[in-house]
Structure formats: C-alpha cells, structure tokens
Amino acid sequence: MKYSAQEVLQYVQEEDVKFIRLAFCDVFGRQKNISIMPQELPRAFAHGIAFDASSVAGFGDGARSDLLLHPEPETLTQLPWRPEHGRVVRMFSGISYPDGRPFECDTRYLLKKAVAAAEKAGYRFDFGAEQEFYLFTLDEDGKATRIPYDEAGYMDVAPDDRGENIRREICLTLEQMGIRPESSHHEEGPGQNEIDFRYSDALTAADNAITFQNVARIVAHRNGLAADFSAKPLPLKPGNGFHINISVNTGDEDAPLDLVITGIMDKIQDMTVFLNPQADSYQRFGSNKAPKYISWSTENRSQLIRVPALAGGNRRAELRSPDPAANPYLAFTLLIHAGLQGIALRGKLPEAMDYNLYRADPSILSRLKQLPCDLESARQAAWESPFIQSCVPAAIRDIYCARQSE
C-alpha cells in the first residue's frame, strides 16, 4: 500500500509507532538514517529534518554541511524485527539544500531524473535484481571471520545447505515489509547464497535492493553470522554478483530491447567503476560465470549480457558484470541513460557470441573488447567519458575516480 502524508500521520498514531527512521544513502549506496519521534513527523513532512552532512561520503565538508531530509510517505514500511509495542517504521527520504533545491549528489534523486527522462522519451525501464552474498561465522568478539557457514555447493539442500533457514527468515521478513522475493538458493561458493527479486519499476527495485542487503545483514547477525556482500570475499572462491535484469516497455510489442543492449555495451567500459567500485571487483571477472569480455548471447552465462529464454512476460536482458558493492540507484541511472542513447542512436547490435568464452579459441576472443582489468583502469575510463560527465555530478565522479580524498 502506498500512503499519503496524512495517512502516515494517522498510521503512526493508531499503530503505536514510537520511532520513525528517515533513510537515505551515501554516494556508495550505504544506507544511513535519522530517527525522529512521532511529534516531529508533521514538521518533517512540511519542512524537512536538518542533518549534518559533512561526514557522509560525497555530501560536502564542514563549510557546507547543512542538508534536509524529506520523508516520502509512499515508502512507509514497518521494521518487523523491532518491538510490536512502540513500533519502528522507515521511510526513504529525499535530500535538499536549506533553500529547497534538490541535492545533486542524492543518488535516489538522480534515478528519479533518469526515470523522468525515459518517460519523456516514451519508455519505461523495469529492473529485477539477483544478489549473491556469503554467510560467515563470527568470532568470540562478535566480529566477522572469513570462515564460511557451510561447505555446500550450487543449489544443494539441507543438511549440507545450512543457509536454508537464514534465507527463509530473510524472505519472510521482506514479505512482512511488502517486498516479495521470487526465489532463493545456495550458490556455488561455500556459505554463498542468492536471493532474486521479480522485476519492478526502477525506483522500487533500487529501494528493494538496499532494503534486502540491510535485512540480510540483520537476520544473519541475529543468527550469529555475518552476511558479506563484497565483490570477492574469498580469493579462491566465486565472487558475489549483482545480476541486473532489464526490460523496456513502450506500451506495445515493439519495445527496443536490442537497441538498449547496444547502448549498454557501448557505454559499459565508461560506467564499470560505478558497477564495480572495489579493487576486489576486478578479481571476479573472467571466472565462475562472471564476464570478462563485452559480448552478448542468448542463455549463455559466460557473456556480459545474456537474453534468457522467454517463459512468459516481457523479453529481458541480464547484465552480469555488476557486483553487490554497487549503489543500485547509480547503477540503474546509468543503465537507463545508456539504454536511451542506444535507442536514440539506433546502432546495430553486435553479433551474438554463442560460445563459452571461458574456453573459446583465442581467434574469437581477439575480436572482443574487454571490461576494465582493474580499478584504476575503470576510474580512468569514467573520468575521460563525456557520457559519465553528462549523467553523474562532478562530486560523485571525483570520489569514484579517486580525484579527491574519500
């Protein structure tokens, strides 16, 4: 259910809500929040709640530190792990300067602008997220180790798969928050898991991706474990992927998915640092179903983009290079803009690579461009890209490209 501001005020009064968390993300997609009491909620809706942004990555320094949070009532959800009496709810919040101007480094705001640009051009982009994570044990001080919770493999079952009950609790918690996962299973790595979500509009999909990681960490911790969403937590084991399913809708049957794929392939080198922001991200490429080359195919999981076999619903493309360290608001923003450029330029989709690129002949591989091989190469590609300059504010580019201290 999507609430209005007045309905939220009524809900808070009737449902014994004692704390309201105003949630937002820094430029890396790390969730932050401020808790306010119910009596402050009318002021929050009318004027916003001020906070010191100087210590939030990408949000300014001590000389320019005052920003305001504006709760968005349609994002209201209860936090099921908090008490039934004296409940806690959460709303995602927009960010503005004190004079009312939108804060340009609010990545959720950037995604809203990208969605509006797509709608103006006559298109709607939907996204479905597939995120992988490891479950590690905690040491005697409650800190995460690098000891996997189990030694199970791909789609194994209990008792080998010890993460089954953790995934179940995560999924049920998300369902209580109005988010419905599509499927879950054990992944290839020891202690590695995956939970997938059905496609939805871009903003909802990004909000859900942020919420999912938060819930997974909370549920894991309640069970004496740590959920790790880093790109390559174990050097000799599979990395964590954030596979992004993309579909485009024009209201008829001629949605230009091939042109969207063309646009994404053309700009993927430029945007990789935002999809893979950690140094370890680049150790993942080229093995365990993670791509290395800029290519596409149907069904083939060695490719950058695959177009899965159609089993009802809209045709979609699955981008396989991102990892869960990416900020989903930034990732979806860039994919929309790249897709729109592909549609506008009407370039020709490259030939499908119906080969297993992990075993392909060198004569085939030599015809293909590669993803950046390391973080510094990805930073350089983004820094020099007119496309990135047109989509990403300078302050965010500076941080991701290491042109100023983080």
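The values are calculated or read from the model by the stated rules, or taken from the named source; none is laboratory data. Computed from a predicted model, the values in this text were never measured in an experiment. Please note: Cβ atoms are built from the backbone with ideal geometry, for glycine as well, and neighbour counts cover all protein chains shown. Please note that ligands, DNA and RNA were not included when accessible areas were found on the heavy atoms of the full protein model with its side chains. Shrake-Rupley method; radii C 1.70, N 1.55, O 1.52, S 1.80 Å.
What pairs can you find where one residue is in segment 199-221 and under 17 Å from Thr137 (Cα atoms), the other is surrounded by fewer than 24 Cβ atoms within 10 Å (Cβ to Cβ) and aromatic (Phe, Trp, Tyr), and their Cβ atoms are less than 7 Å apart, with a gap of 6+ or different chains?
Partner pairs satisfying both residue conditions: Ile218/Trp81.
Conditions (1) modelled with pLDDT of 95 or more; (2) more than 21 Å from Leu357 (Cα to Cα); (3) part of a loop (DSSP other than H, G, I, E, B), marked per residue:
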residue: Thr262; (1), (2), (3): yes, no, no
residue: Asp266; (1), (2), (3): yes, no, no
residue: Met271; (1), (2), (3): yes, yes, no
residue: Phe274; (1), (2), (3): yes, yes, no
residue: Tyr282; (1), (2), (3): yes, no, no
residue: Gly286; (1), (2), (3): no, no, yes
residue: Lys289; (1), (2), (3): no, no, yes
residue: Gln303; (1), (2), (3): no, no, yes
residue: Asn314; (1), (2), (3): no, yes, yes
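Provide a single number: the residues in segment 249-283 that are open to solvent by less than 10 Å² (accessible area, probe 1.4 Å) and hydrophobic (A, V, I, L, M, F, W, C).
Number satisfying all stated conditions: 9.
I need a count of the residues in segment 176-196 that are open to solvent by 70 Å² or more (accessible area, probe 1.4 Å) and farther than 17 Å from Gly128 by Cβ.
Adding up the residues that qualify gives 1.
Results for (1) at pLDDT 95 or above; (2) under 30 Å from Leu334 (Cβ atoms); (3) part of a loop (DSSP other than H, G, I, E, B); (4) out of contact with any strand residue (DSSP E or B) (no Cβ under 9 Å at 6 or more places or on another chain), shown as yes or no for each residue.
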residue: Ala118; (1), (2), (3), (4): yes, yes, no, no
residue: Ala129; (1), (2), (3), (4): yes, yes, no, no
residue: Tyr134; (1), (2), (3), (4): yes, yes, no, no
residue: Ala152; (1), (2), (3), (4): yes, no, yes, no
residue: Asp156; (1), (2), (3), (4): yes, no, yes, no
residue: Arg162; (1), (2), (3), (4): yes, no, yes, no
residue: Asn165; (1), (2), (3), (4): yes, no, no, yes
residue: Glu169; (1), (2), (3), (4): yes, no, no, yes
residue: Leu174; (1), (2), (3), (4): yes, yes, no, no
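Could you say whether any residue in segment 9-17 is charged (D, E, K, R), surrounded by fewer than 19 Cβ atoms within 10 Å (Cβ to Cβ) and at positive phi?
yes
Would you call Leu334 outside any helix (DSSP H, G or I) and within 19 Å of Asp266 (Cα to Cα)?
Against the criterion (outside any helix (DSSP H, G or I) and within 19 Å of Asp266 (Cα to Cα)), Leu334 does not qualify.
List the pairs whose first member sits in segment 34-52 and is farther than 15 Å from Asp99 by Cα and in contact (Cβ under 8 Å) with a residue 40 or more places away in the chain, whose second member is assigned to a helix (DSSP H, G or I) and β-branched (Val, Ile, Thr), and whose Cβ atoms are under 9 Å apart, counting only residues at least 6 apart or on separate chains?
If the second residue must be assigned to a helix (DSSP H, G or I) and β-branched (Val, Ile, Thr), the pairs left are Phe45/Val8.
Filter segment 351-383 down to the residues that are closer than 25 Å to Leu340 by Cβ and without any contact (Cβ under 8 Å) to a residue 24 or more places away in the chain and list them by number.
Within segment 351-383, Glu351, Gln380, Trp383 qualify.
Can you find a residue that is in a helix (DSSP H, G or I) and either closer than 30 Å to Cys105 by Cα or open to solvent by 20 Å² or more (accessible area, probe 1.4 Å) (or both) anywhere in segment 344-358?
Checked segment 344-358: at least one residue is in a helix (DSSP H, G or I) and either closer than 30 Å to Cys105 by Cα or open to solvent by 20 Å² or more (accessible area, probe 1.4 Å) (or both).
Report yes if Phe59 is under 25 Å from the mean Cα position of the chain (by Cα), crowded, with 18+ Cβ neighbours inside 10 Å, in contact (Cβ under 8 Å) with a residue 40 or more places away in the chain and assigned to a loop (DSSP other than H, G, I, E, B), otherwise no.
Considered against the rule, which asks whether it is under 25 Å from the mean Cα position of the chain (by Cα), crowded, with 18+ Cβ neighbours inside 10 Å, in contact (Cβ under 8 Å) with a residue 40 or more places away in the chain and assigned to a loop (DSSP other than H, G, I, E, B), Phe59 comes out as yes.
Matching residues to (1) crowded, with 19+ Cβ neighbours inside 10 Å; (2) assigned to a strand (DSSP E or B):
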| position | (1), (2) |
| --- | --- |
| Lys32 | no, yes |
| Ala44 | yes, no |
| Pro80 | no, no |
| His85 | no, no |
| Val89 | yes, yes |
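Residues that are closer than 30 Å to Glu140 by Cα, open to solvent by 60 Å² or more (accessible area, probe 1.4 Å), in contact with a Leu (Cβ under 8 Å, 6 or more places away or on another chain) and touching a residue at least 60 places away in the same chain (Cβ under 8 Å): does segment 284-293 have at least one?
Checked against the condition, which is being closer than 30 Å to Glu140 by Cα, open to solvent by 60 Å² or more (accessible area, probe 1.4 Å), in contact with a Leu (Cβ under 8 Å, 6 or more places away or on another chain) and touching a residue at least 60 places away in the same chain (Cβ under 8 Å), segment 284-293 yields no hits at all.
Which one of Thr145, Thr137, Thr107 is within 20 Å of Gln31 (Cβ to Cβ) and open to solvent by less than 60 Å² (accessible area, probe 1.4 Å)?
Thr107
Pairs, please: C-beta under 6 Å, at least 6 apart or cross-chain, first residue closer than 12 Å to Pro73 by Cα and in segment 8-19, second surrounded by fewer than 17 Cβ atoms within 10 Å (Cβ to Cβ)?
Close Cβ pairs satisfying both conditions: Val12/Pro38.
Is there a residue in segment 376-393 that is under 21 Å from His243 (Cβ atoms) and surrounded by 20 or more Cβ atoms within 10 Å (Cβ to Cβ)?
yes
Regarding segment 63-72, can at least one residue be identified that is open to solvent by less than 70 Å² (accessible area, probe 1.4 Å), closer than 22 Å to Asp106 by Cα and touching a His at 6+ places or on another chain (Cβ under 8 Å)?
Yes: segment 63-72 contains one or more residues that are open to solvent by less than 70 Å² (accessible area, probe 1.4 Å), closer than 22 Å to Asp106 by Cα and touching a His at 6+ places or on another chain (Cβ under 8 Å).
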